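Below is one structure; the comments refer to it alone.
The values are calculated or read from the model by the stated rules, or taken from the named source; none is laboratory data. Computed from a predicted structure; not experimentally measured. Reconstructed Cβ throughout: ideal geometry from the backbone, glycine too, with neighbour counts over all protein chains shown. In case anyone asks, the SASA skips ligands and DNA or RNA and just uses the protein heavy atoms, side chains included. Shrake-Rupley method; radii C 1.70, N 1.55, O 1.52, S 1.80 Å.
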Amino acid sequence: MSTEDFSIGRKPAQVRLWHYGMPLAIVVTCIGLLALALVQLTDIARTMRVDAPSNMLWVISQAEVEALRTQNALTTARLAGWDAASREALGVRYDLLMSRLDLLSNGPQLRSLAELGIADTIVSYQDKAKSFDPRLKPLAEERAPQFADLLSGLRGELNRSANRQMVAGWENLSSQFDRYRETVSQVIASVIGVLLGAMLLGWQIVSGKQSLLRAEEARLRTIRLEHELKGVRATARYYRDFASVVSHQFRTRLAIIDSAAQRLIIGGKLPNLPALEERRSLIRQTVTRLTGLVDAALMAGRLDHGAVNLHATVCDLSELALDIRDEFQRGVPERTIAFDKPDGPLPVCCDPSLVSHIIMNLIDNALKYSPPDRPISVRFETADDRCGCTISDFGSGISDADLPHIFDRFRRGQDRKDAQGAGIGLWIARQLAELQGGTVTVSNKAGGGAAFTIWLPASARGEAGIEDTARPEGMRP
Amino acid sequence: MDLLFSPPRRARAIADGFSFLFAVAFLLALCSPSLAQEGVLLTVLDTASGEPVTFDRDALEALPRHTVDTHTSVTDGVRHFEGPLMRDVLAAAHFSGKEVLAIALNDYEVTIPVSDFERFDVIAALEMDGEILTARDRGPVWIVYPRDAHAELQDIRFDYRWVWQLTRIQAP
């Protein structure tokens with residue numbers, strides 16, 4: 001179970017307890033266990049020393065040895081007839097025996113004997129032995145047997161003491177080891193507890209990191225989804241706007257046609273021929289624009305879906321433009337479309353039908369935004385490896401605010417509201433030019449009016465009119 | 001310095017006349033049993049000269065006197081000990097070994113590094129709590145370490161070096 005899993009469906013108090021309370025509890029427990037281990041180890045260190053009572057067996061056995069030696073010295077004196085040397089030797093042994101009994105009847109030794117239950121017996125023997133002090137009253141044959149009996153009895157008691165001391169010593173040592181073992185086991189358990197605590201803490205830290213990572217991934221996913229949602233919403237808005245603009249334009253043009261058709265017969269009789277011709281011309285113009293609008297709408301849809309097919313060839317840009325200009329000029333003989341013919345051909349790599357569409361769009365645009373009494377012009381220029389065809393009008397130009405957005409979809413100049421159009425012509429023009437490795441640029445002319453230029457990549461072949469199936473470099477599918 | 005350690009010949013003379021002295025000592029013992037065996041208390045063998053050096057009570061008391069107040073492993077409470085420093089005794093006897101074998105009246109023997117006497121003020125105690133030590137307790141000479149003054153001395157490995165009834169010192 002990860003931290004995140006735990007957090008799901010739990011109250012904040014529970015989550016806080018898991019994230020802060022549990023590590024704190026682990027740390028406190030570990031510190032407690034370490035402190036306990038420290039106390040236990042200190043206790044072991046303190047008790048791991050050999051103290052004097054541990055040496056009691058030796059002390060008792062030495063006393064027994066002295067009792068035996070004194071007994072031997074006594075026997076020797078009796079056999080030697082109590083001569084000075086044997087008396088002296090007996091005196092030395094007596095001193096040493098008394099020093100041993102003195103040791104046993106004092107301090108920690110006496111307490112050890114008391115624990116064995118023979119302290120009083122030994123002290124009683126010590127008191128009795130004092131009455132045989134050869135310094136106070138020289139030992140003689142008549143008291144020797146009593147002294148010998150005393151020494152025998154003392155040896156017997158000391159021997160029993162040694163036995164009891166040995167048993168007590170082993171008991172004591174064993175219980176001491178038991179205590180050590182128990183303490184060491186507790187210390188080991190504490191250390192294992194601390195290790196487990198450390199592992200638990202480590203696991204919690206790692207799982208915390210993992211859940212942070214997951215949260216970060218989720219955040220990024222959310223951002224991506226939001227971005228995509230924004231895109232989808234923008235597309236939806238675009239189609240809504242598109243439908244709205246296009247239907248409006250359709251209705252407007254249909255209204256014009258309807259109105260012209262109604263006015264074909266006024267008051268039950270036909271109008272005169274010029275008026276009839278004017279209305280017929282209006283209907284035709286409007287139908288042409290309506291057809292253009294449908295074409296543009298279809299083209300926009302094809303561009304959106306990447307469904308525009310390129311048929312690239314090398315052709316002369318000036319010839320292409322001249323054909324279109326001538327066609328336009330025939331359609332609007334009352335307008336002047338100046339054509340500035342270049343010195344030579346301008347071979348470019350392009351799809352002629354798409355380029356025609358662009359130039360038609362730009363000329364149509366120029367005619368729309370230029371006053372009827374002013375001409376528009378078509379001229380050419382070359383720069384580096386590209387050729388341009390510029391269509392200029394003598395209208396009011398484009399405001400600085402509109403200039404950066406002139407190629408945006410559905411964008412029409414604020415001051416051109418009166419003009420007709422769906423605001424997709426320039427967008428389509430630029431899209432189509434870019435599809436062929438070129439572009440469409442715009443600038444305001446110094447003398448007034450706007451100038452749109454279609455730029456296309458110049459062909460290295462330099463031979464116009466020859467079909468080229470290979471796609472030129474920079475031309476996008 | 002008034003050192004009264006006896007030359008070997010004199011020691012032998014004393015030993016020869018021991019029987020006579022014993023009779024005198026016996027009379028003295030009636031009044032003071034603890035001093036009955038007085039004479040040579042400590043003999044140092046393996047000296048620089050190769051000759052044994054003996055110390056009687058006067059010779060030991062003539063050395064600079066030191067005191068040690070300490071607990072012992074075989075008594076209760078703090079005891080007050082007096083006697084010459086072990087290193088002074090060894091110097092007076094011209095003993096120059098690295099270790100000594102300390103031997104007691106009851107033939108208990110233990111090897112002690114001489115460095116003990118250099119690092120610590122170990123004394124050859126002649127008195128405890130103002131009472132002269134005798135062969136009937138832990139005298140006449142008891143090697144006493146300043147146990148309370150040094151934590152490292154509170155260990156059985158030093159406790160067994162507290163030789164009481166010390167009678168002879170020699171090279172191990």
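Data table
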item	result
Protection proxy ranking of A:258-268, A:82-92, A:302-312 - average other beta-carbon atoms within 10 Å, highest first	A:82-92, A:302-312, A:258-268
Accessible area (Å², 1.4 Å probe, nearest 10) - residue A:360	80
Kyte-Doolittle mean at least 0.5, axial Cα span of 27 Å or more - DSSP H helices of chain A	A:22-47
Peptide ranges A:105-114, A:401-410 listed from the most packed, as the mean C-beta count within 10 angstrom indicates	A:105-114, A:401-410
Cα-centre dipole for segment A:67-184 with unit charges at Cβ (Lys and Arg positive, Asp and Glu negative), debye to 20	120
Chain A: proportion of alpha-carbon pairs further apart than 31 angstrom, %	70
Estimated inter-spin distance, residue A:272 and residue A:238, nm [label 7 Å along Cα→Cβ]	5.3
Exceeding the 25 Å Cα-Cα cut-off - candidates A:341/A:445; A:11/A:209; A:341/A:368; A:209/A:230	A:209/A:230
Nearest-20 debye value, chain A charge dipole, Cβ charges on Lys, Arg, Asp, Glu	1440
Accessible area buried, both sides summed, chains A and B with 1.4 Å probe, Å²	2200
Cα lying deepest toward the dipole's positive end in the protein assembly as shown, options A:189, A:18, A:399, charges on Cβ	A:399
Rounded to the nearest 20 debye, dipole of segment A:1-236 from Cβ charges on Lys, Arg, Asp, Glu	1220
Inter-chain shielding of A:76-89 (mean C-beta neighbours from other protein chains, 10 Å cut-off)	1
Inter-chain Cβ neighbour average for residues A:91-103, partner chain, 10 Å	5
Amide H contacts under 5 Å for residue B:127, placed H, 5+ residues apart	B:82, B:133
By accessible area with a 1.4 Å probe, ligands and nucleic acids excluded, highest first: order of B:71, A:248, A:357	A:248, B:71, A:357
Positive-end residue, the protein assembly as shown charge dipole about Cα centroid, Cβ charges, pick of B:143, A:109, A:292	A:292
Leading residue at positive end of dipole, the protein assembly as shown (Cβ point charges), from A:175, A:222, A:210	A:222
C-alpha center-to-center spacing [segment A:92-169, segment A:202-260] in angstrom	111
Sequence-distant residues sharing a close amide H with residue B:167 (under 5 Å, placed H)	B:103, B:104, B:105
Partner chain coverage, peptide B:153-165 - average Cβ within 10 angstrom	2
Residues with amide H under 5 Å from that of residue B:71, placed H, sequence gap 5 or more	B:79, B:148
Accessible area in the full protein assembly, largest first, 1.4 Å probe, for A:20, A:180	A:20, A:180
Karplus-derived 3J(HN,Hα), 6.51/-1.76/1.60, for each residue of segment B:119-124, Hz, glycine and proline x	6, 10, 7, 7, 10, 9
Phi-based couplings in Hz for segment A:436-446 (Karplus 6.51, -1.76, 1.60; Gly and Pro marked x)	9, x, x, 6, 10, 10, 9, 7, 8, 7, 4
